[in-house]
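Read the structure below first, then the notes.
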2 protein chains.
Amino acid sequence: MAASVNETNDVTLAKPIRCIVKLGGAAITCKNELEKINEENLEIVSSQLRQTMISSDNVVSLDWSKRPGTSDISCNVDSFGDQLSFDANKFIVVHGAGSFGHFQASKSGVHKGGMDQPLVKAGFVATRISVTTLNLEIVRALAREGIPSIGMSPFSCGWSTSGRNIASADLPAVAKAIESGFIPVLHGDAVFDDIQGCTILSGDVIIRHLAEHLKPEYVVFLTDVFGVYDRPPTKPDAVLLKEIAVSEDGSWSVIKPTLQDMNKQVETTVAAHDTTGGMETKISEAAMIAKLGIDVYIVKAATSHSLWVLSGEVRGNVPDDWLGTVIRRVSR
Amino acid sequence: MAASVNETNDVTLAKPIRCIVKLGGAAITCKNELEKINEENLEIVSSQLRQTMISSDNVVSLDWSKRPGTSDISCNVDSFGDQLSFDANKFIVVHGAGSFGHFQASKSGVHKGGMDQPLVKAGFVATRISVTTLNLEIVRALAREGIPSIGMSPFSCGWSTSGRNIASADLPAVAKAIESGFIPVLHGDAVFDDIQGCTILSGDVIIRHLAEHLKPEYVVFLTDVFGVYDRPPTKPDAVLLKEIAVSEDGSWSVIKPTLQDMNKQVETTVAAHDTTGGMETKISEAAMIAKLGIDVYIVKAATSHSLWVLSGEVRGNVPDDWLGTVIRRVSR
């Protein structure tokens, strides 16, 4: 196992990855309704990703599946002339589970391990069915927009943990998919754990690992709120933290806004059924990525602000009218 | 790549694998209707697999997904007491594509390679969407029967080819899943090819590779006819070949029946849209497995004959009233 982790350091890409995007579970599913996709948001997110990944405006669907109620498959082969280019900017998509998988995982305690217990083993199967169902739907939504998306389920792609820390991951396979011009789509998944038998590997942890080894230019978290707030965003006096600076030792502080009366301690909400932690995990994961010199943006999905940041235009100088949180490293 | 293949020789299992089962595409899908599962057959096949894999008669579903038209997930946690055992016999399931994937693959020419062509690249995405949709449905059907099934998509699991021969495969991952008590479910898939860019890796080739390296006690092909015939089984005078002997050099001959007037040359049918070959591939793949000393049975899915052979009762002495084809090694 250790050998696999070392191998991942050897991954080199001919052209660097532009961006790793997290599709937050809360942004693409209806968090209060079990196993329900937020179709409207997913469609807008997919369209925004197409606009930022592919230069061509010619949308040709790559999902040649039968539509419900029809017996034929629609696939216009003539559209795929030599002129059509899929030369996508190099992106990786990682999505959370939202209302998929969490129920199955928390009901059975997969995240706590103990594969010798029938309930945990059953939950492992049930969780993987639920999250791979979501993964397939997201791959299809992206493909419908003409994005050459390829589902790469972490359990299948050699991801495992040891004491809940990543022990192995087949990063060369991810790199190979990118070099071949595809957009890998990973997700939070149930995986084997060397010590506790099994656990849930969250999308956020996957992103940190990918960022560390594949060094993207920037990372974007698409979520269901405008960014990170100083207290739960549902509270009326919550303030959006627009800029967080991370120092080389990993500690972080709010740069903007510089409110005198702002609580130093950022309050966060963690939904009861969220087995992988909520905003708190996000900030600390984001800070660890920023520490590497990679800018991290947290922004509301399916808004003009998300399109703005995905396109890379917010980088360098963050405009005043951009709503979101940027987390980046500062040198002293 | 070569290193990965060599690694696969090192796979050892604490307890040998009992059986590798191929769910033929023609048996589990409606071959003449695009992307349609043969629900009735799949249900019977799943039930027969449960009966042969798990000793307990207590069927507890491991698919805790929301059913269409409901808002709740049914999962009876109390069923998973310490008494419930999933101690399944060690099986691997591999399924074909049938009416899934073939359309997308043949329309785009994925099997012929050429990833620099937009149509091939598009077809690669479309094919994977179609075959992983089928894989998910099969994993769910097995899980509903209480089988701890785990989808392991070959593309994701590190399978690739070189000149259409297998160049790499993460067999340790398959072994690990089995050792942990799960039933891996693999399938024919679009994969990368070192030489031609990409190709279609058929379920039959996957089975031969798994059989070679994991040495199951026997292999069963579930198909839509009673076995191998001396000519296309649709012809009225077609004769079922009940026993085929494979010698150590790989050549094979029909032992039973010993008809004088039987054509020596076995005619076979290959459906026009079958990009991975039909019965012809099956016989030669089966002969290569039998050459290793592993008995191969070809039998009609969802019949008493398939239940009989899956349970292992046909082994050794094949009863006269068993309908199917057994292919095994004979020493001179």
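The values are calculated or read from the model by the stated rules, or taken from the named source; none is laboratory data. Only a predicted model underlies this, so the values are computations on that prediction, with no experimental measurement involved. Please note: Cβ atoms are built from the backbone with ideal geometry, for glycine as well, and neighbour counts cover all protein chains shown. All accessible areas refer to the heavy atoms of the entire protein, side chains included, with ligands and DNA or RNA removed. Shrake-Rupley method; radii C 1.70, N 1.55, O 1.52, S 1.80 Å.
Measuring between their Cα centroids, the stretch B:163-200 and the stretch A:17-86 lie 27 Å from each other. For A:LYS300, the residues whose modelled amide H falls within less than 5 Å of its own, excluding neighbours fewer than 5 places apart on the same chain, are A:THR223.
Which value, in square angstrom to the nearest 100, describes the accessible area buried between chains B and A on both sides, using a 1.4 angstrom probe?
Interface between B and A: roughly 4700 Å².
Could you check what % of the DSSP bridge pairs in the protein assembly as shown are antiparallel, to the nearest 5? Bridges in the protein assembly as shown are about 40 percent antiparallel. Diagonalising the gyration tensor over the Cα atoms of the protein assembly as shown and scaling each eigenvalue by 5 before taking the square root yields semi-axes of 47, 26, 22 Å, largest first. By the Cα gyration tensor, chain A has an equivalent ellipsoid whose semi-axes, rounded to whole angstrom, run 29, 26, 21 from largest to smallest.
What FRET efficiency comes out for A:VAL77 versus A:GLN51 if R0 is 22 angstrom and r is the Cβ-Cβ distance? Round to the nearest 0.05. Efficiency, rounded to the nearest 0.05: 0.30. Remark: the Cα gyration tensor places the stretch B:127-207 in the oblate category, a/c being 1.5 or greater and a/b not exceeding b/c.
Name the residues of the stretch B:220-247 whose amide N is less than 20 Å from a point 7 angstrom out from the Cα of B:ASN317 along the C-beta direction? Answer for this model: B:242-244. Beyond 18 Å in Cα-Cα separation lie the following of the pairs A:LYS66/B:LYS22; A:LYS36/B:LYS36; A:LYS300/B:LYS66; B:LYS31/B:LYS107; A:LYS176/B:LYS121: A:LYS66/B:LYS22; A:LYS36/B:LYS36; A:LYS300/B:LYS66. For chain A, what is the calculated [θ] at 222 nm in deg cm²/dmol (nearest 500), taking -39500 (n - 2.57) for each run of four or more DSSP H residues and dividing by its residue count? For chain A, the value works out to -9000 deg cm²/dmol. Compute the accessible area per residue over chain B, keeping the other protein chains in place, probe 1.4 Å, unit Å². Heavy-atom SASA per residue in chain B reads 39 Å².
In this Cβ point-charge picture (+1 for Lys and Arg, -1 for Asp and Glu), chain A has a dipole of about 400 debye about its Cα centre.
Looking at chain B only, what percent of DSSP beta bridges run antiparallel? Nearest 5 please. That works out to approximately 40 percent antiparallel. Element breakdown for chain B at a 1.4 angstrom probe: carbon and sulfur atoms account for 46% of the accessible area.
Is there a simple number for the mean count of other chain Cβ atoms within 10 Å of the Cβ of residues in A:141-149, and what is it?
That works out to 2 on average.
Where chain B is rotated onto chain A, the residue of B whose Cβ comes nearest the axis, and that gap in whole Å, is B:SER156, 2.
Peptide packing: for B:66-77, B:148-159, A:287-298, A:93-104, the average count of neighbouring Cβ atoms within 10 Å per residue gives the ranking A:93-104, B:148-159, A:287-298, B:66-77, highest mean first.
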